[in-house]
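Take a look at the structure set out below.
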Amino acid sequence: MKSMKPLQEFLEEQQDNPIEAIGSYISEHIEGNWQTVLTVNQEKLLKAYNEAGDAAYGTFLNLLFLPIHKQLKEMGIRPEPNFPGNFDISREWGSQEGTDQQRWMWSTVYSPVKEPLGTIVTVVYHDHTQFRVPRQPQIIALHERGKEEVVAALSLKSPDFKEALEFTVEYEAYLRGVQE
């Protein structure tokens, strides 16, 4: 993993806007480490994909975010749920062939005194035909909190997000289609 300045030091330098500072820090971490995580864990991730399909992307994200979670915990800062976010309310869209997809998930971030600081959105690019992360995950820092506010803010940022169904709704429709 690429070494970075500790999160606490980074946040002390950028006290004006903690959620944006946390988002910038995570973005730097991802930029410096996402390919290394893929390369070092390639065998494990391919095995996970062959055994469990798209769940392998969750394994990749857990490995990528592990150092971030450790630092946040040391500072008493807590994302809820853990990064990359709640899969059930996430939204996905992409190419017809399934080779260039993106899923947007998010977590509310709480200060050590349990004050909500804002929301970190993780955009994960992936492929449904093989295990492949075509480009680095992206981070969006929002001041909005709560599902409705976050969905409204993300809908303004992306027409694709606005049109996509959240996972549970999409999956229910899929199951109805299979049963018919």
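The values are calculated or read from the model by the stated rules, or taken from the named source; none is laboratory data. All values derive from a computational prediction rather than experimental measurement. Heads up, the Cβs are rebuilt from the backbone with ideal geometry, glycines too, and the neighbour counts pull from every protein chain shown. All accessible areas refer to the heavy atoms of the entire protein, side chains included, with ligands and DNA or RNA removed. Shrake-Rupley method; radii C 1.70, N 1.55, O 1.52, S 1.80 Å.
For this structure, a couple of remarks:
- Exactly one residue out of Leu61, Leu7 is within 25 Å of Asp127 (Cβ to Cβ) and either loosely packed, with under 14 Cβ neighbours inside 10 Å or touching a residue at least 40 places away in the same chain (Cβ under 8 Å) (or both), and it is Leu61.
- Those residues of region 134-144 which are within 17 Å of Pro84 (Cβ to Cβ) and open to solvent by 40 Å² or more (accessible area, probe 1.4 Å), in sequence order: Pro134, Arg135, Gln136, Gln138
- Phe131 vs. criteria open to solvent by less than 40 Å² (accessible area, probe 1.4 Å), in contact (Cβ under 8 Å) with a residue 12 or more places away in the chain and in a loop (DSSP other than H, G, I, E, B): yes
- Within region 103-113, being more than 17 Å from Leu156 (Cα to Cα) and in contact (Cβ under 8 Å) with a residue 24 or more places away in the chain holds for Ser107, Thr108, Val109, Tyr110, Ser111, Pro112.
- Looking only at region 146-180, and only at residues there that are open to solvent by 90 Å² or more (accessible area, probe 1.4 Å) and modelled with pLDDT of 95 or more, the one that is nearest to Ser27 (Cα to Cα): Lys157
- Members of region 1-50 that are modelled with pLDDT under 80 and of a type in the set (Asp, Glu): Glu9, Glu12, Glu13, Asp16
- Taken as a whole, region 64-72 holds no residue that is in contact with a Pro (Cβ under 6 Å, 6 or more places away or on another chain), of a type outside the set (Asp, Glu), within 23 Å of Gly118 (Cβ to Cβ) and in contact (Cβ under 8 Å) with a residue 24 or more places away in the chain.
- Qualifying residue in region 73-83 (condition: open to solvent by less than 90 Å² (accessible area, probe 1.4 Å), out of contact with any Ser or Thr (no Cβ under 8 Å at 6 or more places or on another chain) and not β-branched (Val, Ile, Thr)): yes
- The residues listed here are Val151, Val169; of these, the one that is assigned to a helix (DSSP H, G or I), more than 16 Å from the chain's Cα centre (by Cα) and not charged (D, E, K, R) is Val169.
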